[in-house]
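Novice: Okay, handing you the structure first.
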Amino acid sequence: MTSTSPLTRLILKRLLVSVLVLLVVSLLIFGATLLLPGDPARAILGQQATPERVAALTEQLGLDRPAWERYLSWLGGVLTGDLGFSAATQGPVTELLGGRIAASALLLVLTAVISTPVALALGAWAAVRRGTRTDSALSGISLVLAALPEFVIGVLLVVLFATSVFQILPSVTIARPGEPVWARPDQLVLPVITLALVVIPYVIRMTRATLSEALDAGFVEMARLKGMPERTVLLRHAVPHTIGPVAQVIAMQLAWLAGGVVVVEFLFRYPGIGQALIDAVANRDVQVVQAITLIIAAFYVLVNLAADVAGILADPRIRTSGGVAQ
Amino acid sequence: MSASTENTENTEHTGNTENVTENTAYAAPAGLIRRTFRRRQARIGAVLTLVVVAVALLGPLLGPVLTGYAVDDFAGRPFRPDGLAGTDDLGRDVLTRFLAGGGPVLLYALAATAIGIIGGAVAGMLAGYSHSDGSRLDTLIMRGGDVLLSFPQLVLALLAVAVLGSSGLLLVLVIGITHIPRVARVARQATLSVVGQDYVLAARMYGVPRRRILATEVLPNITGPLMVELGLRLTYSIGYVASLSFLGLGVQPPAADWGLQINENRIALIIAPWGVLLPVLAIAVLTIGTNMITDALAKESADTTGEAA
């Protein structure tokens, strides 16, 4: 590591791009609400509301101010932890989302922790045995799973394990008010398996592709010809080559999960932000929709940033020669 | 035969786009399709896809003949095992509504895919072509795409539905538009490997206008990756359209639609499973079929290097 500064510069540049993208994303999310037909205050209060109440809410929401002023105060609120006011619950959005973010995060973390080692191991297994029946069976299964929308996998799992075939797991989440979802671990099983089955095929394919590329490469051949045991060849020479791309795929799958939880939470009535988003869209509770889409987009951008940084750090060409790539 | 790259083709957001090697000439689409369907996997995929398409197209006509009920007829009490597949949440015949419900998913998914592929190909080719000139257009297109790529596709669709209300046109537009930057990345990368070729340079030297170079020199040589994208985007579009209807935010009642049918009948999954299972299985078979064809296309396209047949 002779020249750290070009590397740091590259990462800082990538960071700056992410910040800019987030800023434009926030503009887009805010701009979308300007397309709302009619008067938002009236939409929130309903047709029976008196003109005085509409006027009061208009002032409270600042709807009489110009759009750019509202954008700035919304953005300022977001940055200081004030996500707005939910028309449906008549309370602050942060209150609505507090526990739900933790519940969704739990789902994400559990899925990542379970699916990553399984997928890496299966992908490596397929790569080492490429061309055999194991390999083609694994790629056939991944092909089928990768094709299925998440709710299809979820419904099939429910039919299999909760209703028609076996009745061993709960098909919906039952959370009493104030009781955290993890109080009943068995109701986390099906949502987590559904998400894991959606994510695993991609990681298997990527691991298999990059690892078999490495196993066919000249430097691995060289190590073999020097008489190293196959195990050492695999672990010391081939595997390190795949860390960058695979880290990227894992990060991207995490980012993907942020969107995938929406459908899965709805299916299992899991009390996370995904279900809150669906409810808010159905009720056209715009400030909640804004807050949740912004949270998901921010997570998405951050994880993609992490993926790119991992890619930069793992690529010896960039690490040693500094900023040559791109 | 580059067996190592073939499987990355079908992976969403493959980070290493460098896999598209330089000097790759892609075969004419007709030849590519013919060779793809020599693979058993592609033929199985085609059969699965055609079965579901046939159900979706013929179902609305056959349904009333087979079951004796029209789509909106009430056949009995809700969730009873009357008829072949029982009755749904309002007491309508499940089989009739299943047979009638394939149209919206197919239609919307095809339209969204068309928007995504056409828009993405144009944006990607423009970006890739102007990259060689060092013009700003490339940066502008790709950075604009980055903003759309910062949302999961479904979440952006939900934002649009929240603001504008659900309609078929909106679903098609928003899913199609969110495909564009994803397709554009692939099209740009493929264009980059073509624009340096002698025949493109020759055309530029003769002063052939940009749109003609893109249409007659570049486009025919990037059909391989675009066909793979077409299959991939179609598979995803089917999933997104069905998911949105399943969430109750896509196709609206009283229309017959597979996603909506699952939403309506899932509360009675234990006592009347067919209202959920039939549409779920149809969507599963359809997406598996299109994905098998896509994967075979990707393998064939990756294998095709050198002279085009």
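Novice: Which residue is farthest from the other protein chains (Cβ to nearest Cβ), if the candidates are limited to the stretch A:12-48 and must be surrounded by 14 or more Cβ atoms within 10 Å (Cβ to Cβ) and at pLDDT below 75?
Specialist: A:Leu45
Novice: Against the definition (out of contact with any Cys (no Cβ under 6 Å at 6 or more places or on another chain) and closer than 27 Å to B:Leu171 by Cβ), how does B:Tyr69 come out, yes or no?
Specialist: no
Novice: Right, next: Can you go through A:Ala255, A:Ala209 and tell me which one is at the interface with chain B (Cβ under 9 Å from one of its Cβ atoms) and more than 18 Å from the chain's Cα centre (by Cα)?
Specialist: Step by step, each of A:Ala255, A:Ala209 is checked, and only A:Ala209 is at the interface with chain B (Cβ under 9 Å from one of its Cβ atoms) and more than 18 Å from the chain's Cα centre (by Cα).
Novice: Ok, one more. Go through the stretch A:118-155 and count every residue that is under 18 Å from the mean Cα position of the chain (by Cα) and more than 29 Å from A:Asp186 (Cβ to Cβ).
Specialist: 0
Novice: Before we move on, is B:Asp82 out of contact with any helix residue (DSSP H, G or I) (no Cβ under 8 Å at 6 or more places or on another chain) and either assigned by the TED database to the domain that holds B:Leu232 or not in a helix (DSSP H, G or I) (or both)?
Specialist: Yes.
Novice: Further, regarding this structure: Surrounded by 13 or more Cβ atoms within 10 Å (Cβ to Cβ), within 14 Å of chain B (Cβ to nearest Cβ) and either under 18 Å from the mean Cα position of the chain (by Cα) or polar (S, T, N, Q) (or both) - does that describe any residue in the stretch A:108-117?
Specialist: yes
Novice: Test A:Arg9 against the stated conditions and say whether it is of a type in the set (Lys, Arg), free of Cβ contacts under 8 Å to residues at least 24 places away in the same chain and surrounded by 12 or more Cβ atoms within 10 Å (Cβ to Cβ).
Specialist: Taking the combined requirement at face value, the residue does not satisfy it.
Novice: Assuming A:Leu225 fulfils every condition listed in (1) closer than 27 Å to A:Ala137 by Cβ; (2) more than 23 Å from the chain's Cα centre (by Cα) apart from one, which condition is it?
Specialist: For A:Leu225, the failing item is (1).
Novice: Of all residues in the stretch B:142-169, how many are at negative phi, without any contact (Cβ under 8 Å) to a residue 12 or more places away in the chain and within 11 Å of chain A (Cβ to nearest Cβ)?
Specialist: Count: 9.
Yes or no, residue by residue, for (1) outside any helix (DSSP H, G or I); (2) farther than 26 Å from B:Val155 by Cβ; (3) over 23 Å from the mean Cα position of the chain (by Cα):
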| site | (1), (2), (3) |
| --- | --- |
| A:Leu20 | no, no, no |
| A:Leu27 | no, no, no |
| A:Gly31 | no, no, yes |
| A:Arg42 | no, yes, yes |
| A:Val54 | no, yes, yes |
| A:Leu57 | no, yes, yes |
| A:Gln60 | no, yes, yes |
| A:Leu72 | no, no, yes |
| A:Gly77 | no, no, yes |
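Novice: Considering only the stretch A:264-288, state which residues are more than 17 Å from the chain's Cα centre (by Cα), assigned to a helix (DSSP H, G or I) and not acidic (Asp, Glu).
Specialist: Correct list: A:Leu267, A:Ala280, A:Val281, A:Ala282, A:Asn283, A:Val286, A:Gln287, A:Val288.
Novice: If you check B:Thr96, B:Thr49, B:Thr139, which single one turns out to be part of a helix (DSSP H, G or I), in the same structural domain as B:Ser167 (by the TED database) and at negative phi?
Specialist: The conditions single out B:Thr139.
Novice: Against the condition under 24 Å from the mean Cα position of the chain (by Cα), at positive phi and without any contact (Cβ under 8 Å) to a residue 24 or more places away in the chain, how does A:Gly81 come out, does it pass?
Specialist: Spelling it out, A:Gly81 is indeed under 24 Å from the mean Cα position of the chain (by Cα), at positive phi and without any contact (Cβ under 8 Å) to a residue 24 or more places away in the chain.
The values are calculated or read from the model by the stated rules, or taken from the named source; none is laboratory data. Predicted model, so just to flag it, every value in this text is computed and none were measured. As a convention, Cβ positions derive from the backbone with ideal geometry for all residues, glycine included, and neighbour counts pool all protein chains shown.
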